[in-house]
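Right, one structure below, let's go through it.
The values are calculated or read from the model by the stated rules, or taken from the named source; none is laboratory data. If you're wondering where the values come from, they're calculated on a predicted model, not measured in any experiment. Glycine gets a Cβ as well: all are built from the backbone with ideal geometry, and neighbour counts include every protein chain shown. Calculation scope for accessible area: heavy atoms of the full protein, side chains included, ligands and nucleic acids excluded. Shrake-Rupley method; radii C 1.70, N 1.55, O 1.52, S 1.80 Å.
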Amino acid sequence: MPEGNHFSGRRALITGGAKRLGRETARLLAGRGVHLAIHYNTSRAPAEELCRELGAAGVRAVPLSGDLGKPREVETLFQEAWASMDGLDFLVNNASIFPPDRLDEMELTHLLENLRVNAWAPFLLTRAFWRRLRGTQERGAVVNLLDTRLVGGDLAHASYHLSKAMLKELTTLTALEFAPELQVNGVAPGAVLPPENEEDAYLEKLTAELPLERRGYPGDITEATVYLLGTSFVTGQIIFVDGGRHLRLGGST
Ligand SMILES: NC(=O)c1ccc[n+]([C@@H]2O[C@H](COP(=O)([O-])OP(=O)(O)OC[C@H]3O[C@@H](n4cnc5c(N)ncnc54)[C@H](OP(=O)(O)O)[C@@H]3O)[C@@H](O)[C@H]2O)c1
């Protein structure tokens, strides 16, 4: 890795960047001098507020809206991000939906909604990024936010699980197909923030089952994301940042 702050002056698009893990990733990158396109869907005010905060900290930060369930808006988002940042170096596919459904009640329309937002939109953004870099000497890095529940499944969120499984496969395929222009990696978080309708007790219950017997924090996830954006010799990898959960559920007890 080059010496010094090789992030300074780079440009990133973070989807779903207005709140929670997306916002913490933005703050960490901004602290390293990265200019940011902060995508939001419904969280306009938090996105604008974050951009003011990041701007005051010395980087360029632009809020950009778009419903990732609508492919045309995904294409427009990428074009706007590229134009407003004058090019891009990094893409963080962070936005996601996490609605409950079990196989017993699973509907095709619901499955497709999960696939659109959680897998197809990240793919469209990654491909648009690669198409911009193809034939140039420029390089880019993509991180896809996955989920520790790729291992063991998530029967209470079946459509979500299937969409993240598709994104995991796309991480591998795009890493190969879109090299050398793009590095594409994944971070598979364990629960570090409870869903918006749950309390912290939700996390404490899960912590007891972890090999490391400690809870994780947003910084654990964002540090992994930033590592993968900054390295120049890693692609097609998935880092599980989950207290070891995937090891136990993978059968290594
Ligand atoms: N939090 C955790 O503990 C955890 C655990 C495992 C995996 N992960 C993964 O890590 C990532 C970040 O987690 P998080 O909990 O911070 O995410 P989150 O709060 O559930 O969602 C992030 C953002 O996604 C955006 N989004 C949802 N539907 C959208 C749509 N149709 N179009 C555009 N944007 C849409 C929302 O933006 P608006 O608010 O602007 O509408 C939302 O703020 C996700 O991919 C998640 O699956 C998180």
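Residues considered: Leu54, Leu68, Leu77. Of these, the only one that is near the ligand (Cβ under 9 Å from one of its atoms) and either open to solvent by 60 Å² or more (accessible area, probe 1.4 Å) or in a helix (DSSP H, G or I) (or both) is Leu77.
A single entry from Leu111, Leu125 fulfils the requirement of being assigned to a helix (DSSP H, G or I), surrounded by fewer than 18 Cβ atoms within 10 Å (Cβ to Cβ) and touching a residue at least 40 places away in the same chain (Cβ under 8 Å): Leu111. Of all residues in segment 189-201, none satisfies being out of contact with any Leu (no Cβ under 6 Å at 6 or more places or on another chain), open to solvent by 80 Å² or more (accessible area, probe 1.4 Å) and in a helix (DSSP H, G or I).
Of the numbered criteria (1) over 14 Å from the mean Cα position of the chain (by Cα); (2) within 30 Å of Arg214 (Cα to Cα); (3) open to solvent by less than 20 Å² (accessible area, probe 1.4 Å), the one Thr171 fails is (1).
Scanning segment 10-40 for residues that are open to solvent by 40 Å² or more (accessible area, probe 1.4 Å) and of a type in the set (Gly, Ala, Ser) yields a single hit, Gly31. Restricting attention to segment 95-108, the residues that are crowded, with 16+ Cβ neighbours inside 10 Å and charged (D, E, K, R) total 1. Scanning segment 6-45 for residues that are near the ligand (Cβ under 7 Å from one of its atoms) and either among the basic types (Lys, Arg) or part of a helix (DSSP H, G or I) (or both) gives Lys19, Arg20, Leu21, Gly22.
Screening Gly152 with (1) within 15 Å of the ligand (Cβ to nearest atom); (2) on the phi < 0 side of the Ramachandran plot gives one miss only, at (2).
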